Amino acid sequence: MADIKQLSRMLQELDDLLTRCMRCGMCQAQCPVFTKSGKETDVTRGKLALLSGLSQEMLKDPKEVQDNLNRCLLCGTCEANCPSGVKVTDIFLKARAILNGYLGLSSTQRLIFRRLLTRPKLMNALISMSSAFQGVFSKDADQIIGTSCARFNAPLIRDRHFKKLAGKPLHRQVPSLDTPAGSSGIKVAFFPGCVTDKVFPDVGQAVIKILKHHQVGIYMPENQACCGIPALSSGESDAFSTMVRQNVELFSAGKWDYLITPCATCTATMRKLWPEYHKGSLGRVITENILDVSQFLVDVLGVKPETSDNRKTPVAYHDPCHLRNSLKVSAQPRAVLEAGGTYKTAEIPGGPSCCGSGGSFNIKHYQLSKDIGQEKARNIKASGAEMAATACPACMLQLADMLSQEEASMPVKHVLELYAESL
Ligand code: SF4
Ligand code: SF4
């Protein structure tokens, strides 16, 4: 637990950030959680009002404040559209850290954040063991999407249609790489991220294939840790810092020009939250050089969409919130989707909106997550596309679940997989 001095300093910082909110309510219509629940406490304005009296509220009912605060996807939609430039994500993360400092973590959270995520080797061994036994409690749900569902009544899984853990994760297929820059003259550090590594190794293989095709050198060290976002978004900034430090040490040992990742959530975390919340040096890691892979391909290597009329297959592209809202990256994944010449982008009716995943939000508030995700799945079906694609493995999990439950039977791909097919 944090000491009183530290807590009051954090509360003061939070008060300073909160003064910018004019209570105009313009964030209301755009909040995916409020749109489904209709509760004022779910929208940014309501949460900020609660936080403006946090020191009193913490004494009255800290658990209720924490529960209200956790009913948020951290999608950044409100922040991206706020006329006053309120740093909503920053406020929510700081408030979660304050409440965690006051209330402490549950024993399960302590185990996951402090004992597992900070030990990549142990984490990898446990995931490999789980992968070997997952067939016992699961059965096929949709073969085209590649989802499974629970064989028995399982309270944790409920009615989810989930992607199974990969039989052979990326870190076992390709333990490490250190290849020289080819004719491009560029070398990148490659951070696949946990979900790519353990569920979607094909996405990691697609990145390696694309980089080799473009003659880009790759530095991919062994035993990479999680980017830290699960811990930070639960208010556990010490474990977050431990994971950042582990990755910084690994990547500082190599020479490279850009650090790239195919995970929107990892990119946003590493670029924006590492420098803000890590209590230590970032070594050789320059956050401006951390890029989403599609951003690297388009902005650095000059990959362009193929504009001939021969492109046949319409693909519904879902904008990950962490790319679109946090990093303003939306044109590049579409360009990569179209670069191979086989696919064209089908825009999803309803415009860009959150898929409802939100990391631990999906675990704690599955029905709400599902209500938001089902609307997205129905809009994808209405787009007339033959498949869905996105640029974040966490969104891929949610889209696969929702489309599978909606019996859409359309593959869910990463845009990098579609581009790699053409090379
Ligand atoms: S967060 Fe921004 S949009 Fe929402 S009420 Fe405050 S000022 Fe208005
Ligand atoms: S971050 Fe997203 S879910 Fe959270 S309050 Fe803002 S719009 Fe709503």
Self-check item: segment 27-55 - residue that is among the β-branched types (V, I, T) and outside any loop (DSSP other than H, G, I, E, B) and, of those, modelled with the highest pLDDT
Solution: V33
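Could you list all residues from segment 246-276 that are of a type in the set (S, T, Y), open to solvent by less than 30 Å² (accessible area, probe 1.4 Å) and either over 24 Å from S184 (Cβ atoms) or over 21 Å from the mean Cα position of the chain (by Cα) (or both)?
Passing the criteria: T265, T269.
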Exercise. From (1) out of contact with any Pro (no Cβ under 8 Å at 6 or more places or on another chain); (2) open to solvent by 10 Å² or more (accessible area, probe 1.4 Å); (3) in contact (Cβ under 8 Å) with a residue 60 or more places away in the chain, pick out the condition that doesn't hold for K279.
Key: (3)
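Name the residue that is nearest to ligand 1 (Cβ to nearest atom), counting only residues in segment 56-110 that are among the hydroxyl-bearing types (S, T, Y) and not in a helix (DSSP H, G or I). Break it down stepwise before answering.
So in segment 56-110, the residues among the hydroxyl-bearing types (S, T, Y) come out as 77, 84, 89, 102, 106-108.
When the remaining residues are screened for being not in a helix (DSSP H, G or I), the result is 84, 106.
Numbers: S84: 4, S106: 29 Å.
Step by step, filter segment 56-110, then rank; the result is S84.
The rows are residues; the columns are (1) within 18 Å of K272 (Cβ to Cβ); (2) in contact with a strand residue (DSSP E or B) (Cβ under 7 Å, 6 or more places away or on another chain); (3) within 10 Å of ligand 2 (Cβ to nearest atom).
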site: C27; (1), (2), (3): no, no, yes
site: C31; (1), (2), (3): no, no, yes
site: G46; (1), (2), (3): no, no, yes
site: L50; (1), (2), (3): no, no, no
site: P62; (1), (2), (3): no, no, no
site: L69; (1), (2), (3): no, no, yes
site: C78; (1), (2), (3): yes, no, yes
Practice problem: Determine whether S241 is within 30 Å of M10 (Cα to Cα), of a type in the set (S, T, Y) and part of a helix (DSSP H, G or I). | Solution: yes
Exercise. Kindly indicate whether any position in segment 144-163 is among the hydroxyl-bearing types (S, T, Y), over 17 Å from I260 (Cα atoms) and open to solvent by less than 30 Å² (accessible area, probe 1.4 Å).
Key: yes
Quiz item: Tell me, which residue of segment 312-343 that is among the charged types (D, E, K, R) and surrounded by fewer than 18 Cβ atoms within 10 Å (Cβ to Cβ) is nearest to ligand 2 (Cβ to nearest atom)?
Solution: K328
Exercise. Scan (1) over 21 Å from the mean Cα position of the chain (by Cα); (2) open to solvent by 30 Å² or more (accessible area, probe 1.4 Å); (3) of a type outside the set (A, V, I, L, M) for the single condition P62 breaks and write down its number.
Key: (2)
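Hand me the list of helices (runs of 4 or more DSSP H) wholly inside segment 304-423 holding 3 or more residues that are small (G, A, S). Break it down stepwise before answering.
Values: elements: 321-327, 331-339, 360-364, 366-382, 393-405, 415-421.
Counting at least 3 such residues, we get 331-339, 366-382, 393-405.
Tell me, yes or no, whether segment 139-150 has at least one residue that is in a helix (DSSP H, G or I) and outside the structural domain of Y366 (by TED's automatic domain parsing). Please lay out each step first, then the result.
If we filter segment 139-150 for residues that are in a helix (DSSP H, G or I), which is where we start, we get none.
No, segment 139-150 contains no residue that is in a helix (DSSP H, G or I) and outside the structural domain of Y366 (by TED's automatic domain parsing).
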Quiz prompt | Selected residue (criterion: farthest from ligand 1 (Cβ to nearest atom)) from residues of segment 33-55 that are open to solvent by less than 20 Å² (accessible area, probe 1.4 Å) and touching a residue at least 40 places away in the same chain (Cβ under 8 Å) | solution = L54
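The values are calculated or read from the model by the stated rules, or taken from the named source; none is laboratory data. Keep in mind the model is a prediction, meaning the values are calculated, not measured. All Cβ positions, glycine included, derive from the backbone under ideal geometry; neighbour counts span all protein chains shown. These accessible areas exclude ligands, DNA and RNA; they are computed on the full protein's heavy atoms, side chains included. Shrake-Rupley method; radii C 1.70, N 1.55, O 1.52, S 1.80 Å.
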